[in-house]
Amino acid sequence: MDKGHVLIFDTTLRDGEQVPGCKLNTPQKIEIAQRLEELGVDVIEAGFPISSPGDFKSVVEISKAVTEPIVCGLSRGVKKDIEVAAEALRFARRPRIHTGIGTSDHHIKYKFKSTREGILEWAVDAVGHAKRFVEDVEFYAEDAGRTDNEYLAQVCEAVIKAGATVLNIPDTTGYCLPDEYGAKIKYLVDHVKGIENVIISAHCHNDLGLATANAISAVMNGARQIECTINGIGERAGNTSLEEVAMIMKQHPRLQVTNRINTKLLNPISKLVSDRMGMQVQPNKAIVGSNAFAHSSGIHQDGVIKHRETYEIIDPLDVGVDESTIILTARSGRAALAFRLHKIGFPVTKLELDEIYEAFLTQADVKKEISDEDLREIMAQVPQKQEA
Ligand code: KIV
Ligand code: ZN
């Protein structure tokens, strides 16, 4: 694989589906998995098979329904979990078991009531057990973000020896700052024997709004897989958003990385996931929010009408949005009004525009937004005034 290639690991159907109230049924999951395959994701984390019979069934059916991506099943570092994950993945053309254990002192002490030595042994056993069923085993060091780097490196080295093919370094609690998380990845690159033979994966949560920044920082320091979700959904404040990392990599060639995402499919899949999960996308969400390409202040509208690139760094067509929109509000100027009038079939002269603009402002001051219908009404009134 090309050294600058970043694999996109989508966990919408596992971490994303952990969002309260967003449960999907198997046909919905298959539909999303097939769209993810079209989008170009490299790995689909299809579920956590031991968690419920429904999730088990979904992993089985997704394994049958897609061919190109690796299909991954999550398990705790527990023998039974691993066996059930292997069973659920039996139809996958390219199966991966994702197993692991918490490595931070918080997890070791409070969750496992164990010791660093005990956890290290546990991690090695889990990977060894998973290797009995599949070649491709991803190990997650849960809460790696708060794990001491030296100890994390020891765990990573041991699981590589046990056969792990991918090392997931999750910032489970969304705690790290981008430079800190990047430095953690760099520390592993510099200190773990055999790391050049495995893929380092960034799995970042958004508790401080840093999930995307942290994932990119990880890539800048050697990570070559990003775990992410459509619309950034996921446990608590969510995960790194797929559409954000895909567009950051596209817009910043100096990162010198590539990925397989067909960005033109980002908006359609965002809508699909939002619809099937019944979870609205916040309007100001980067890339896929309804306001991501909507211009509403007069100064910006004037600029965008003159040349799109004055206020847009992304061509909306590149992410599957037909065109940017000019929203008419009391903050809009004459340029925006003339533009919208022209679009609905009312080309107006500069002289006419002054008068129409007055009528428009009167309406706009009492309404949040002026629609095409409102404009037609204004136009029906203004000419009469002109004739009087
Ligand atoms: O956030 C996390 O640590 C996880 C692991 C189970 C990979 O989701
Ligand atoms: Zn997670």
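The values are calculated or read from the model by the stated rules, or taken from the named source; none is laboratory data. Please read all numbers here as calculations on a predicted model, not as lab measurements. Backbone-built Cβ (ideal geometry, glycine too); neighbour counts: all protein chains shown.
Can you give me the number of residues within region 146-187 that are away from ligand 2 (no atom under 16 Å from the Cβ) and either at positive phi or at pLDDT below 95 (or both)?
Matching residues across region 146-187 total 1.
Report yes if residue 234 is part of a loop (DSSP other than H, G, I, E, B) and within 12 Å of ligand 2 (Cβ to nearest atom), otherwise no.
So residue 234 fits the description; yes.
Please state which of the following conditions residue 358 fails to meet, knowing it meets all the rest: (1) in contact (Cβ under 8 Å) with a residue 12 or more places away in the chain; (2) in a helix (DSSP H, G or I); (3) over 26 Å from residue 248 (Cβ atoms).
Unmet for residue 358, out of (1) in contact (Cβ under 8 Å) with a residue 12 or more places away in the chain; (2) in a helix (DSSP H, G or I); (3) over 26 Å from residue 248 (Cβ atoms): (1).
Take residues that are touching a Phe, Trp or Tyr at 6+ places or on another chain (Cβ under 8 Å) and tell me which of the helices (runs of 4 or more DSSP H) falling wholly in region 98-193 contain 1 or more.
Output list reads 116-131, 149-161.
Restricting attention to region 199-209, report how many residues are surrounded by 21 or more Cβ atoms within 10 Å (Cβ to Cβ), part of a loop (DSSP other than H, G, I, E, B) and away from ligand 1 (no atom under 12 Å from the Cβ).
0
Considering only residues that are within 16 Å of ligand 1 (Cβ to nearest atom), more than 18 Å from residue 73 (Cβ to Cβ) and not hydrophobic (A, V, I, L, M, F, W, C), which ones fall in region 162-180?
171, 172, 173, 174, 175
Matching residues to (1) closer than 30 Å to residue 364 by Cβ; (2) under 13 Å from the mean Cα position of the chain (by Cα); (3) buried (at least 21 other Cβ atoms within 10 Å of the Cβ):
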position: 244; (1), (2), (3): no, yes, yes
position: 247; (1), (2), (3): no, yes, yes
position: 278; (1), (2), (3): no, no, no
position: 285; (1), (2), (3): yes, yes, no
position: 291; (1), (2), (3): yes, no, no
position: 297; (1), (2), (3): yes, no, no
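What single numbered condition from (1) over 20 Å from residue 7 (Cβ atoms); (2) within 12 Å of ligand 1 (Cβ to nearest atom); (3) without any contact (Cβ under 8 Å) to a residue 40 or more places away in the chain fails to hold for residue 235?
(3)
Keeping to region 300-345, report how many residues are in a helix (DSSP H, G or I) and either among the small types (Gly, Ala, Ser) or under 30 Å from the mean Cα position of the chain (by Cα) (or both).
Going through region 300-345 one residue at a time, the tally reaches 14.
Please work out which one of (1) away from ligand 2 (no atom under 15 Å from the Cβ); (2) not in a helix (DSSP H, G or I) is the condition residue 219 fails and give its number.
Condition (2) is where residue 219 drops out.
Just name the residue that is farthest from ligand 1 (Cβ to nearest atom) out of those in region 238-278 that are among the acidic types (Asp, Glu) and farther than 16 Å from residue 17 by Cβ.
Once the filter is applied, the top-ranked residue is 243.
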